[in-house]
1. Sort out for me the Cα centre separation of segment A:134-163 from segment A:80-129, rounded to whole Å.
2. Karplus couplings for segment B:81-89 from phi (6.51 cos²θ - 1.76 cosθ + 1.60, θ = phi - 60°), rounded to Hz, Gly and Pro as x?
3. Under 25 Å Cα to Cα from A:Lys69, which lysines show up? Leave out anything in the same chain fewer than 8 places away.
4. Mind sorting A:Val246, A:Val215 by how few other Cβ atoms lie within 10 Å of their own Cβ, fewest first?
5. Taking neighbour Cβ counts within 10 Å as the exposure measure, how do B:Met32, A:Met232 sort from fewest upward?
6. Could I have the simple spin-label model distance between A:Ser49 and B:Glu170, label points 7 Å from Cα toward Cβ, reported in nm to one decimal?
7. Assign unit charges at the C-beta atoms only (+1 for Lys and Arg, -1 for Asp and Glu), then state the dipole size of the protein assembly as shown relative to its Cα centre in Debye, rounded to the nearest 20.
8. Quick query: amide H of B:Gly221 versus all other amide H atoms, modeled in the peptide plane; which residues come in under 5 Å with a sequence gap of 5 or more or a different chain?
Amino acid sequence: RSSTHIRAQGRVDAPQASSTMARRYDSHTTTFSPEGRLYQVEYAMEAISHAGAAVGVRTDHGVVLAAEKKILSKLLETGTSSEKMHKLDDHLGVAVAGINSDANILINSARLTAQRYLMTYQEPVPMEQLVQTLCDQKQGYTQYGGLRPFGVSFLFGGWDKNCGFQLYQSDPSGNYAGWMATAIGANATAAQAILKTEYKEGMTLLEAKQLATKVLKQTMDSTKLEAEKVEMSEVGWVNAETKENVEYRVLQTKELTALCDEANAEAEAKAAAGKK
Amino acid sequence: RLETRARRGDRSRRNSIAMSIMSYNGAAIIAMVGKNCVAIASDLRFGINQQQTTAVDMRKIHKIHDHLYVGLSGLATDQTTLSQKFKFRHNLYELRENRKMKPETFAHVVSNILYEKRFGPYYAEPVVAGLDPETGEPFITGMDLIGAMAPTTNFVVCGNNEESLFGVCESMYKENLEPEELFEVIAQCLLAGVNRDCLSGWGGVVHVISKDKLITRTLKGRMD
């Protein structure tokens, strides 16, 4: 298809008198630009960079997911459902960054996939399988149908019998990768840089939670970290000695407050030492 | 014709299968209501083609969540598939609604799943027993293979020899029994009820579910 043919289809949106080349190629999600880019996918990632940050840290004892809540209002009914953290199955959870309504569709789809796998094979779905199935779905929206991509990035944390504890990140293009520690959402690059220096092998689950809190504090807008602004979940052993079952668990306010206070105190001490 | 079949070595297929597909494997299940508790019990026999006992550790009662159990009688393969389907539906319910299913709700789901196959049914008859996750109120119901519920406040039975099971339950059941007493009653009912049925028996399993406690015991009965 030549570019003239596309223009002739009478798209009402893109104004012809525009400066950049990008405009001609960005209204069709399923077309490449001359530079070989998929603009809609990139714009989707741009949307995510405005969403609340989410950080994931993997250890040999569990995976920690932490996220910054963007919707903060006293009028909000909190209830039991969470803004950023969702359980996909007993051994798997996700943290979301991006458009929440898009995320809900994909989360529902992931839950169904996990249950269908469990039904057929009578064992919990291996993490990479689930991530791949979800990413295949996301990829479909970049190649077929002319629908816009999902404006969501996910951090998957979980466990399976074959590979132990794992952390995966996926983005609107349908690409995914396994990580030891990573971040998505606002200030993700800054968060990644901090993780690169601070992450160590052989951390305990508590150290991972402390690291995640620290990273969140440094990338969030506010100076002091408060438990109401943060959500954290973990996938870890139910009993650390017997190592029989893993469970996905959302951290309670008490534990969160303790972690936030610790991070705040550490930052203050550092600042005071720096001033001297 | 019989001789022809015998010559082909097909002796076992003479009459058995024509009888009833619900009698192919064999089962006996009872559920009873006590004081703030429910009990559900089943036998452990697994037979093939009625005459051959193949296993004596066949669990027919499946856990849905801590306070909800479902027992299935009838064709074993349908028992297995149905229990897996129920688990599937409950897992999704728990993920979406963030709470565990009430027994009545679950019973309606079971009924729905069975009725979907109204004109080509699953050959299994379930018994649902559980406590309301919030109030702790007991609930039991039995169902036929196409999902007709029959909730009661005392006991339900299902299996190959329902008449015997009904008989023993009618005589031995009392209302408002404490968990240990209920265990005793339901265990005796099961063991007595399966004695007259060659397709069920070979031991039993009893679960007594109360708000904070679960009693699970295996029964030793006549192994025949």
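No lab work stands behind these numbers, since they all come straight from the coordinates. Given the structure is predicted, the values throughout are model-derived calculations rather than measurements. Every residue, glycine as well, gets a Cβ built from its backbone with ideal geometry; the counts of neighbours run over all protein chains shown.
1. 11 Å
2. After applying 6.51 cos²θ - 1.76 cosθ + 1.60, I find 4, 5, 5, 5, 5, 5, 4, 3, 5 Hz.
3. Within reach: A:Lys84, A:Lys87, A:Lys138, A:Lys196, A:Lys209, A:Lys214, A:Lys217, A:Lys224, A:Lys229, A:Lys254.
4. Starting with the residue having the fewest Cβ neighbours, the order is A:Val246, A:Val215.
5. Going from least to most buried by this count: A:Met232, B:Met32.
6. Placing both labels 7 Å beyond Cα along the Cβ direction yields 7.8 nm.
7. On the way: 58 positive and 59 negative charges, 301 e Å.
Using only the charged Cβ atoms, the result is roughly 1440 debye.
8. For B:Gly221, whose amide H was placed from the backbone, the distant partners under 5 Å are B:Gly203, B:Gly204.
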